[in-house]
Structures are given as C-alpha cells and as structure tokens.
Amino acid sequence: DKVLADYAEHGYVRSLYGRRRRGDLNEREAFSALIQGTAADVVKERCVNAMKSLPKNWTLFLQVHDEFGFNVPENEVAEAMGVLKEVFEQEVTPLKVSILFDTMMGDSWACKK
C-alpha cells in the first residue's frame, strides 16, 4: 500500500537506495521497479566494493545480472574464491536478509564447483 501511495503522491517509485523510476506505471510495474531497481543497486554496490578491495590482477571481465566473471591467476583461484565470497556477502545494504554468493571456477560458463 505504501509503494502505491508514494507513487500516487510523487509520480515515481523509489528503490531502497533512492533511485527513482518515473512514468505511467501500473501496480505490477511499480512493484517491479522497486524490486528490480533495488536488486540492480545491490549488484552495483557489491561490484564497486569488490573492485576496491581486490588485488589489481583479479579483473572483473563480465557481469550478467547477478553473475560475475573474474580473471584470476591460476595459482590464486582458491584464495580468490574465498575472498570474493567474503566481499560479496558483507552486510552493506539496507536489506534485512543475508546475501549469499556462490563461487565456481572453470574455463567456460559450464563451470564446476
């Protein structure tokens, strides 16, 4: 009710991080904007925090929705998997749920754990 009331009053929907989506939205689109906008904010926040704290030779080469591809020297893969999991699971969002980050390694998207 609050999401719809705020939208009716202000003409936009705001993600938990404050990003706004304006426009002629129906009820489903208003809730979708809130959820998807917040999800995008969380992903961006995690990427920025990760890139600030990781060694320069661990490079993020691809991000598709909630999946990330990192190039890491082969002799540092085990360390990288632990560090990435720790960095991405840190409590830094306004959410009251835990974020879980699963790591896999491989030569293609058909990775194995």
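The values are calculated or read from the model by the stated rules, or taken from the named source; none is laboratory data. Since we're looking at a predicted model, the values are computed, not measured. Methodologically, a virtual Cβ is constructed for each residue, glycine included, from the backbone with ideal geometry; neighbour enumeration extends over all protein chains shown. With ligands, DNA and RNA removed, areas are computed over all heavy atoms of the protein, side chains included. Shrake-Rupley method; radii C 1.70, N 1.55, O 1.52, S 1.80 Å.
For segment 54-76, give me each residue that is surrounded by 13 or more Cβ atoms within 10 Å (Cβ to Cβ) and either part of a helix (DSSP H, G or I) or small (Gly, Ala, Ser) (or both).
Correct list: GLU76 only.
Which residue is most open to solvent (accessible area, probe 1.4 Å), if the candidates are limited to segment 1-35 and must be in a loop (DSSP other than H, G, I, E, B) and farther than 25 Å from VAL97 by Cα?
Filtering segment 1-35 down to residues in a loop (DSSP other than H, G, I, E, B) leaves 1, 11, 15-19, 23-26.
Now narrow it down to the ones that are farther than 25 Å from VAL97 by Cα: 11, 23-26.
Values: GLY11: 31, GLY23: 38, ASP24: 148, LEU25: 19, ASN26: 76 Å².
The residue in question is ASP24.
Of the residues VAL72, VAL43, which single one is in contact with an Asp or Glu (Cβ under 9 Å, 6 or more places away or on another chain), of a type outside the set (Lys, Arg) and at pLDDT below 90? Talk me through it step by step, then tell me what you get.
Working: VAL72 fails: at pLDDT below 90.
Going through VAL72, VAL43 in turn, just one is in contact with an Asp or Glu (Cβ under 9 Å, 6 or more places away or on another chain), of a type outside the set (Lys, Arg) and at pLDDT below 90: VAL43.
Checking the condition among the small types (Gly, Ala, Ser), without any contact (Cβ under 8 Å) to a residue 60 or more places away in the chain and closer than 21 Å to LEU95 by Cβ, which residue from GLY18, GLY11, GLY69 passes? First the steps, then the outcome.
Working: GLY11 fails: closer than 21 Å to LEU95 by Cβ; GLY69 fails: closer than 21 Å to LEU95 by Cβ.
Every option except GLY18 fails the conditions.
Of the residues in segment 83-108, how many are more than 29 Å from GLY18 (Cβ to Cβ) and surrounded by 11 or more Cβ atoms within 10 Å (Cβ to Cβ)?
Let us first name the residues in segment 83-108 that are more than 29 Å from GLY18 (Cβ to Cβ), namely 83, 103-108.
When the remaining residues are screened for being surrounded by 11 or more Cβ atoms within 10 Å (Cβ to Cβ), the result is 83, 103-105.
Here the count works out to 4.
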